[in-house]
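Below is one structure, written out as structure tokens; the observations come after it.
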There are 2 protein chains.
Amino acid sequence: MIDTDAVVIGAGPVGLFQLFQLGLLGIKAEIIDVLPEAGGQCVALYPDKPIYDIPGIAVCTGRELAQQLLTQAQPFMPTDRFGAPARNLHLGHLVTELTARSEGGFELRTDKGLQLRCRVIFVAAGAGAFMPRGLNLPVLDTASNVHYHLEAPLLSPPPWADQHVVISGGGDEALSAVLALAEQPDPNQRPAKLTLLHRRDQFQADPTLDARVRIMQTSGQVTLVVGMPTGAEVSDGHLDSLTVLGADGQTQSLELDHLLIRQGLSPKLGPLTQWGMALDRKQVAVSASSFESSIAGIYAVGDINTYPGKKRLLLCGFHEATLAAHHAAASLNPDAPQHLLYTTTSPLLHQRLGLI
Amino acid sequence: MIDTDAVVIGAGPVGLFQLFQLGLLGIKAEIIDVLPEAGGQCVALYPDKPIYDIPGIAVCTGRELAQQLLTQAQPFMPTDRFGAPARNLHLGHLVTELTARSEGGFELRTDKGLQLRCRVIFVAAGAGAFMPRGLNLPVLDTASNVHYHLEAPLLSPPPWADQHVVISGGGDEALSAVLALAEQPDPNQRPAKLTLLHRRDQFQADPTLDARVRIMQTSGQVTLVVGMPTGAEVSDGHLDSLTVLGADGQTQSLELDHLLIRQGLSPKLGPLTQWGMALDRKQVAVSASSFESSIAGIYAVGDINTYPGKKRLLLCGFHEATLAAHHAAASLNPDAPQHLLYTTTSPLLHQRLGLI
């Protein structure tokens, strides 16, 4: 059980800046994200796309922005040794349970069993927790040879030498997986058979990836099966085959040893809709001055919230995180002076930033 | 008379970002500032001080931030030729008059006689218009040989060869002026006599400047007079002498040919307090969702406004400018679709940014 002042749910740009602002105000915080990397959508969805409307940054990519925000938050992300992951950053965790404590504050639990106790919560979950898109076949959830991309790394150890591996999807992610498996340096570790399963004979991927996979298809290194999976045979927790409906209306049975689902990410609001916060069209309704939700002590900032005039822009999320941090600071320390300090001049802020 | 959609009053960081956001929304705007340079306080008060809390910029100086914001706003600051000043940037102008037009919209007039007609106004005037601090002797206003630092450049043409020049002040600005005059390359253009007038025998300036002026004082190149000016003799629009009260209680008469007032800048809300906008403790009271003042069509953003939860931080001003721009766009074009476009993906925004 981690005991802290604040928990930030979501390590996207707004969550990272929330951590920074809490740090400036002397509030200890932990930060949690379901993705394997900090940066949220900026890294998961548009790492290489240019952004032009961050104030003072004429242009940067999603990944560059995330990196800058991580650098800025570093003073408040303590590590055990140089280069080690931050102790208060918990990646690959989905917050599943929230309980209000009778003595005030909250307890949180993640799907991986992490438990946290805190006084205030900042939900910076963007469009929701980014979860891998599935095949809409619930029976697959029970099979141990079905792999989603948020799981352990693809290649180490390679479980698919001499096996038939089916990869489902037609985007960058699916095509990259095909190439990674087919081009493993040790030929003995390559799958015996590689099938790409996609709903049509056209990919939505980077042209270079697309061309490389087409060459492999021509040479027979990969087989393309066009169709929709409509059924699955699972026995003893093992997926034996998929039933695939082709464009011609015919079905075929696709026997396999492993299925890699690489169909992209889809945001899900997930468990937080059950916590009792008032929602307005799937957004958390907040006050436009404190960004507190209908539950005192739980704030919502960035794309997940709504209030009159709301625009889903990063720069608005930065403002919301800042005012929410100040509101929380005043409620956590009602007797402390609340006059505004500036990073340009305040020795206390310089000390917190590790500058002196 | 300039006829446009919007006028932004104040070319500090928030005013520059206001111009950028209006540009993204296709709203034509002019921008006005009383200072001789864009960048507001960032350039006038702390050009070399580090700022640590601009989201995504771990550290930058005031001048660097202003430069970045100018670069970002470039697509909406048209020039007649490469390197020429922007046609819609009006520096050295104090907006003195505002009139609501009976047919809707507003007319503005500056102290230099510039006239503008527009439909909406964005007051991004920070702490107010930065005006040079005076000596509290109104009679000086009538004298032609009293010079404030916002006037024409100090050295060209040099009006003070063979003259007694008195410089008033004890900060960087005053000491820099002493050095600039005493060290002119052409000895014939240096003043015959140079006096520094300051209220005490101690400066509040950069240590290097301080040391250099002290050396000049020792060598007799500059005379320090310690005291407070309590009176002035002005005849025919010419200041002949100042009466100076010393720390010893004695007064002396200081005859002079020119007086340079270099006592720093002081923000004054100035004429805009007379325009009828509701004020709350010298701030313009605005809605927290639109940042519109009590006068429809006049918005106030950045340090000059107030609303519940307000923090006087640049990043909050950027958010306010953005929501104000969107609110104004909806009111100017009520029939246009108001769905949010992203600079990362929108071809229309790319076109407005001059990228395609």
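List of remarks:
- Restraint check, B:LYS49/B:LYS112; B:LYS28/B:LYS112; A:LYS28/A:LYS282, Cα-Cα greater than 24 Å: B:LYS49/B:LYS112; A:LYS28/A:LYS282
- Applying both filters, DSSP loop and at most 12 other Cβ atoms within 10 Å, to the trypsin sites (Lys or Arg not before Pro) of the range B:5-92 gives B:ARG81, B:ARG87.
- Cut-off 20 Å, label 7 Å out along Cα→Cβ of A:ASP201, residues of the range A:158-185 by amide N: A:167-171, A:175
- DSSP assigns beta bridges within the range A:134-263; of those with both partners inside it, close to 45 percent run antiparallel.
- Distances in nm from A:PRO138 to the matching label points in the other copies, shortest first (labels 7 Å along Cα to Cβ): 8.4
- Rounded, prolate or oblate (a/c below 1.5 giving rounded, otherwise prolate when a/b exceeds b/c) for the range A:11-68 by Cα gyration tensor: oblate
- Applying a DSSP loop filter and a limit of 12 other Cβ atoms within 10 Å to the trypsin sites (Lys or Arg not before Pro) in the range B:236-288 leaves B:ARG281, B:LYS282.
- Placed amide H near A:LEU260: partners under 5 Å, 5+ positions off or other chain: A:HIS147, A:VAL166, A:ILE167, A:SER168
- Nearest residue to the symmetry axis between A and B, taken on chain A by its Cβ, in whole Å: A:HIS319, 2
- Looking at the protein assembly as shown, the DSSP beta bridges with both ends there are about 50 percent antiparallel.
- Proximal charge balance of A:ILE32 [Cβ under 14 Å; K/R count +1, D/E count -1]: -2
- For A:ASP240, the label point sits 7 Å beyond Cα toward Cβ; its separations from the matching points on the remaining copies run 11.6 nm, from shortest to longest.
- The residue among A:LEU256, B:ALA161, B:MET216 whose Cα reaches farthest toward the positive pole of the charge dipole of the protein assembly as shown, with charges on the beta-carbon of Lys, Arg, Asp and Glu, is A:LEU256.
- Between A:THR243, A:THR344, A:THR110, the GNM of chain A built on Cα springs shorter than 10 angstrom shows A:THR344 fluctuating the most.
- Model label sites at B:ARG63 and A:ALA192, defined 7 Å from Cα along the beta-carbon direction, differ in position by 7.1 nm.
- Calculated [222 nm] ellipticity per residue, helices only, for chain B: -6500 deg cm²/dmol; basis is -39500 (n - 2.57) per DSSP H run with n ≥ 4, divided by all residues, nearest 500.
- Applying 1/(1 + (r/R0)^6) with R0 = 25 Å to the Cβ-Cβ distance of A:ARG312 and B:THR71 gives a FRET efficiency near 0.50.
- Pairwise label distance in nanometres, A:GLN274 with B:VAL139, each label 7 Å out on the Cα-Cβ vector: 8.3 nm
- Shape call, chain B: gyration tensor on alpha carbons, a/c limit 1.5: prolate
- Extension gain for the segment B:LEU114 to B:GLU255, taken as residue separation times 0.36 nm less the Cα-Cα distance, is 47.0 nm to one decimal.
- Taking A:GLY62, A:GLY227, A:GLY23 as the candidate residues, the one with maximal mean-square fluctuation in a Gaussian network model of chain A, Cα springs under 10 Å, is A:GLY227.
- Taken one residue at a time, the phi angles of the range B:302-311 give Karplus couplings (6.51, -1.76, 1.60, θ = phi - 60°) of x, 4, 7, 9, 8, 6, x, x, 3, 10 Hz. Gly and Pro are set to x.
- Each residue of the range B:129-139 is assigned a 3J(HN,Hα), and the resulting list reads 6, 7, 10, x, 5, x, 9, 6, 10, x, 4 Hz, derived from the Karplus form 6.51 cos²θ - 1.76 cosθ + 1.60 (θ = phi - 60°), x at Gly and Pro.
- Charge sum, other residues only, whose C-beta stays under 10 Å from A:ALA127's C-beta, Lys/Arg counted +1 and Asp/Glu -1: +2
- Near the amide H of A:GLY227, within less than 5 Å, lie the amide hydrogens of A:HIS198, A:ARG199, A:ARG200, all on another chain or at least 5 residues away, with H placed in the peptide plane.
- Extents of the protein assembly as shown, largest first, come to 107, 54, 50 Å (Cα atoms, principal axes, whole angstrom).
- Amide H contacts for B:LEU239 (H built 1.01 Å from N in the peptide plane; partners 5 or more residues away or on another chain; cut-off under 5 Å): B:SER144, B:ASN145.
- Vicinal HN-Hα couplings computed from phi for the range A:350-355 (Karplus, 6.51 cos²θ - 1.76 cosθ + 1.60; Hz; Gly/Pro x): 4, 5, 5, 7, x, 8
- For B:GLU233, the shell of other residues with beta-carbons less than 13 Å away shows a net charge of -3, using +1 for Lys and Arg and -1 for Asp and Glu.
- Percent antiparallel among DSSP beta bridges (both partners in chain A, rounded to 5): 50 percent
- Cβ-vector label at 7 Å, B:THR251, separations to other copies in nm: 10.7
- Overall form of the range A:134-263 per C-alpha gyration tensor (a/c, 1.5; a/b vs b/c): oblate
- Spin-label proximity, A:ALA285 to the range A:307-323 - amide N less than 17 Å from point 7 Å beyond Cα toward beta carbon: A:307-310
Each reported figure results from applying straightforward, stated rules to the coordinates on display, with no laboratory input. The shown structure was predicted, so the numbers you read here are calculated from the model rather than taken from an experiment. Note that we place each Cβ from the backbone using ideal geometry, even for glycine, and neighbour counts take in every protein chain shown.
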